[in-house]
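Asks: The structure follows.
The values are calculated or read from the model by the stated rules, or taken from the named source; none is laboratory data. Here the structure is a predicted model, which is why all the values come from computation and not from measurement. Neighbour counts run over all protein chains shown; Cβ positions are idealised from the backbone, glycine included.
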Amino acid sequence: MTHQLRAEYGAEGRSGGIRMWHVVRDTDLTTALCGRRMGEDADTKPEEEWGTGLRGCQQCGSLYIHEVPFHPADWERSPR
Ligand SMILES: [Zn+2]
(Lines give C-alpha, C1' and ligand atoms only; values in the text may rest on other atoms or scores of the structure.)
Protein backbone atom coordinates (compact mmCIF):
# COMPACT_ATOMS: atom_id res chain seq x y z
CA MET A 1 0.00 0.00 0.00
CA THR A 2 1.45 3.31 -1.05
CA HIS A 3 -1.42 5.69 -0.47
CA GLN A 4 -4.13 6.37 2.06
CA LEU A 5 -7.38 8.25 2.06
CA ARG A 6 -7.88 11.14 4.44
CA ALA A 7 -11.02 13.00 5.38
CA GLU A 8 -11.69 16.66 4.74
CA TYR A 9 -14.17 18.17 7.15
CA GLY A 10 -16.54 21.03 6.50
CA ALA A 11 -16.59 24.41 8.18
CA GLU A 12 -17.92 22.88 11.38
CA GLY A 13 -15.00 20.55 11.63
CA ARG A 14 -15.26 16.94 12.61
CA SER A 15 -18.72 17.36 14.13
CA GLY A 16 -20.10 18.53 10.78
CA GLY A 17 -19.17 15.29 9.11
CA ILE A 18 -16.83 14.45 6.29
CA ARG A 19 -17.02 16.68 3.23
CA MET A 20 -14.91 14.49 0.98
CA TRP A 21 -11.96 12.16 0.91
CA HIS A 22 -8.54 13.02 -0.44
CA VAL A 23 -5.64 10.76 -1.33
CA VAL A 24 -2.27 11.14 0.40
CA ARG A 25 0.99 9.28 -0.12
CA ASP A 26 2.34 7.16 2.71
CA THR A 27 5.46 9.31 2.63
CA ASP A 28 3.52 12.53 3.30
CA LEU A 29 0.28 11.96 5.11
CA THR A 30 -0.57 15.63 5.53
CA THR A 31 -0.45 16.70 1.88
CA ALA A 32 -3.14 15.45 -0.48
CA LEU A 33 -2.27 14.74 -4.10
CA CYS A 34 -4.26 17.85 -5.05
CA GLY A 35 -2.05 19.94 -2.79
CA ARG A 36 -4.48 20.39 0.05
CA ARG A 37 -3.09 20.28 3.59
CA MET A 38 -4.78 17.58 5.59
CA GLY A 39 -5.30 17.71 9.33
CA GLU A 40 -2.87 15.69 11.42
CA ASP A 41 -5.79 13.95 13.07
CA ALA A 42 -8.05 13.59 10.03
CA ASP A 43 -9.62 10.17 9.66
CA THR A 44 -7.85 7.77 7.35
CA LYS A 45 -9.00 4.84 5.27
CA PRO A 46 -7.03 2.27 3.30
CA GLU A 47 -6.68 3.19 -0.36
CA GLU A 48 -8.61 0.06 -1.33
CA GLU A 49 -11.74 1.94 -0.35
CA TRP A 50 -11.27 4.54 -3.06
CA GLY A 51 -13.99 4.11 -5.65
CA THR A 52 -16.29 2.14 -3.38
CA GLY A 53 -18.86 4.91 -3.15
CA LEU A 54 -16.96 7.37 -0.99
CA ARG A 55 -17.24 10.98 -2.04
CA GLY A 56 -13.73 11.64 -3.26
CA CYS A 57 -11.84 14.72 -4.38
CA GLN A 58 -11.92 14.69 -8.19
CA GLN A 59 -8.44 16.13 -8.52
CA CYS A 60 -6.98 13.55 -6.16
CA GLY A 61 -8.88 10.87 -8.06
CA SER A 62 -7.40 11.71 -11.43
CA LEU A 63 -3.89 12.06 -10.01
CA TYR A 64 -4.26 8.85 -8.06
CA ILE A 65 -5.14 6.72 -11.08
CA HIS A 66 -2.02 8.01 -12.80
CA GLU A 67 0.16 7.04 -9.85
CA VAL A 68 -1.58 3.72 -9.32
CA PRO A 69 -2.66 2.52 -12.78
CA PHE A 70 -3.69 -0.83 -11.38
CA HIS A 71 -6.01 -0.14 -8.52
CA PRO A 72 -6.04 -2.79 -5.77
CA ALA A 73 -9.79 -3.16 -6.19
CA ASP A 74 -9.21 -4.31 -9.76
CA TRP A 75 -6.66 -6.97 -8.92
CA GLU A 76 -9.19 -9.61 -8.05
CA ARG A 77 -11.25 -8.97 -11.14
CA SER A 78 -8.49 -8.74 -13.73
CA PRO A 79 -7.13 -11.96 -15.24
CA ARG A 80 -3.43 -12.61 -14.69
ZN1 LIG B 1 -7.80 16.24 -3.06
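Asks: Ala32 - would you say it is modelled with pLDDT of 95 or more, within 13 Å of the ligand (Cβ to nearest atom) and touching a helix residue (DSSP H, G or I) at 6+ places or on another chain (Cβ under 9 Å)?
Replies: Yes; evaluated as a whole, the condition is true for this residue.
Asks: Can you name the condition, by its number, that Leu29 falls short on among (1) within 18 Å of Tyr64 (Cβ to Cβ); (2) touching a strand residue (DSSP E or B) at 6+ places or on another chain (Cβ under 6 Å)?
Replies: Just one mismatch for Leu29, condition (2).
Asks: From the list Gly17, Gly51, pick out the single residue that is out of contact with any Leu (no Cβ under 7 Å at 6 or more places or on another chain), away from the ligand (no atom under 13 Å from the Cβ) and not in a loop (DSSP other than H, G, I, E, B).
Replies: Gly17 is the lone residue from the list that is out of contact with any Leu (no Cβ under 7 Å at 6 or more places or on another chain), away from the ligand (no atom under 13 Å from the Cβ) and not in a loop (DSSP other than H, G, I, E, B).
Asks: Out of everything in the stretch 1-25 that is among the charged types (D, E, K, R) and at pLDDT below 95, what residue ends up being surrounded by the fewest Cβ atoms within 10 Å (Cβ to Cβ)? Spell out how you get there, then give the answer.
Replies: The first filter runs over the stretch 1-25 and keeps only residues among the charged types (D, E, K, R), leaving 6, 8, 12, 14, 19, 25.
If we keep only those that are at pLDDT below 95 too, we end up with 12, 14.
On the way: Glu12: 9, Arg14: 13.
The qualifying residue surrounded by the fewest Cβ atoms within 10 Å (Cβ to Cβ) is Glu12.
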